[in-house]
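The values are calculated or read from the model by the stated rules, or taken from the named source; none is laboratory data. These numbers were taken from a predicted model, which means no experiment stands behind them. Heads up, the Cβs are rebuilt from the backbone with ideal geometry, glycines too, and the neighbour counts pull from every protein chain shown. Keep in mind that these areas ignore ligands, DNA and RNA; they rest on the heavy atoms of the full protein, side chains included. Shrake-Rupley method; radii C 1.70, N 1.55, O 1.52, S 1.80 Å.
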Amino acid sequence: MSGLEEKIKASLAEALVALGAATSTKGLEEARVAFIGTKGRLIELSRAVGSLPVAERPAAGQAANLALNEVRKAHKEALEALNAKLTQKPGLDVTLPGRRSPLGRQHLISRTMAEICGIFEKLGFTVVEGPEVETDYYNFEALNFPVDHPSRDMQETLFVGQDLLLRTHTSPVQIRTMEKLKPPVWIVAPGKTYRRDDDVTHSPMFHQVEGLAVAKGITMADLKGVLSAFATTFFSPDTAIRLRPSFFPFTEPSAEVDIACVLCGGRGCRLCKGSGWLELLGSGMVDPALYKFVGYENENVTGFAFGLGIDRAAMLKYGLPNIRHLYESDLRFLEQF
Ligand code: DAH
């Protein structure tokens, strides 16, 4: 092999290394010019073939042609690969964290309602429901509100027709339940209630849970025991309750139930206006007048009932100053719970 042929082969190897190492179009062009540009090393070597002795020319000429072709091919391939890389779209980065779709959750009122019903279910009550559009009969008359009696004014009723109204409380479910079932009856009835009322502690639509227990031998001690169990479960294990005389047309005697202030524990503060107590619900022994409306007059039973504001219970439990927070659908507020 002639010395020139050896140089050509060495130069070919160098050219291939240089082309393979180029990482930019500029670097690639520099390598191309260095080896196969007009004054490139391989070009110069192939020109030198003509000055070899005649016998050595064919082999050296062939080696030069092969080398030039190979370098041109390698340059073309390297250029294509580089362009493909540069124009490539950003690919799928499988290491990126996924996008979370927003997760809905139960509204504070729904959750509180479920929690309250759950507590009473554990005490043996069954959950039932009644209609939100009621008749005067179920909302008032059968609950012993005499026609034209001032006690109806306590309710700020929203009427939707001659004899139809939006129920002002869940108490009508007491009547509907006793009409359907024979005693013993242990039910709680959660749901929406409506009144013409709107301020920081009252919303025109709010929620109550009604409770009714009718069986032989039920006394006011049962009422107090059940409500005390509720208060210690729902609020905190040391929550005390007290019963205050009150009046409702459908209970006799009637009692307002207070809990020891959730803020000061009974010492007296701004929330409880110094009294140490917070009003929680209305209750009492079922007025026997109701038994006549539902056909219970010969059942020889007694019973207790209570009506609890769910919105109010949630406000007390979570220290909410304004009932409107519950109904403005502001996620910044709702997501805290
Ligand atoms: N229905 C009454 C109200 O909304 C609350 C109530 C009081 C319900 C006494 C009762 C009860 O069942 O016994 O103001």
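Quick look at the values:
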{"quantity": "Counted residues, the stretch 1-33 - those being within 60 Å of the chain's Cα centre (by Cα) and either under 27 Å from Gly50 (Cβ atoms) or of a type in the set (Gly, Ala, Ser) (or both)", "calculated": "6"}
{"quantity": "Residue in the stretch 266-277 that is at pLDDT 95 or above and touching a strand residue (DSSP E or B) at 6+ places or on another chain (Cβ under 6 Å) present", "calculated": "yes"}
{"quantity": "Test: residue in the stretch 108-118 that is assigned to a loop (DSSP other than H, G, I, E, B) and either in the same structural domain as Thr251 (by TED's automatic domain parsing) or over 30 Å from Thr25 (Cα atoms) (or both)", "calculated": "no"}
{"quantity": "Residue check, Leu320 in a strand (DSSP E or B) and either of a type outside the set (Lys, Arg) or open to solvent by less than 10 Å² (accessible area, probe 1.4 Å) (or both)", "calculated": "no"}
{"quantity": "Subset of the stretch 133-190 [closer than 19 Å to Gly307 by Cβ, of a type in the set (Asp, Glu) and more than 14 Å from the ligand (Cβ to nearest atom)]", "calculated": "Asp136, Glu141, Glu179"}
{"quantity": "Whichever residue in the stretch 124-169 is among the hydroxyl-bearing types (Ser, Thr, Tyr) and not in a helix (DSSP H, G or I) and, among such residues, is farthest from Asp198 (Cα to Cα)", "calculated": "Thr126"}
{"quantity": "Matching residues, the stretch 287-301, being open to solvent by 10 Å² or more (accessible area, probe 1.4 Å) and either over 43 Å from the mean Cα position of the chain (by Cα) or within 8 Å of the ligand (Cβ to nearest atom) (or both)", "calculated": "Pro288, Ala289, Tyr291, Lys292, Phe293, Gly295, Glu297, Asn298, Glu299, Asn300, Val301"}
{"quantity": "Test: Arg312 is in a helix (DSSP H, G or I), closer than 22 Å to Met154 by Cα, out of contact with any Leu (no Cβ under 7 Å at 6 or more places or on another chain) and within 13 Å of the ligand (Cβ to nearest atom)", "calculated": "yes"}
{"quantity": "Selection status of Leu278, touching a residue at least 24 places away in the same chain (Cβ under 8 Å), of a type in the set (A, V, I, L, M), open to solvent by 60 Å² or more (accessible area, probe 1.4 Å) and more than 13 Å from the ligand (Cβ to nearest atom)", "calculated": "no"}
{"quantity": "Enumerated strands (runs of 3 or more DSSP E) restricted to the stretch 170-258, each holding at least 2 residues that are over 25 Å from Trp277 (Cα atoms) and open to solvent by 60 Å² or more (accessible area, probe 1.4 Å)", "calculated": "185-194"}
{"quantity": "Residues of the stretch 191-227 satisfying the condition of being among the hydrophobic types (A, V, I, L, M, F, W, C), more than 12 Å from the ligand (Cβ to nearest atom) and under 26 Å from the mean Cα position of the chain (by Cα)", "calculated": "Val200, Met205"}
{"quantity": "Test: residue in the stretch 323-333 that is touching a residue at least 40 places away in the same chain (Cβ under 8 Å), open to solvent by less than 50 Å² (accessible area, probe 1.4 Å), not in a helix (DSSP H, G or I) and not acidic (Asp, Glu)", "calculated": "no"}
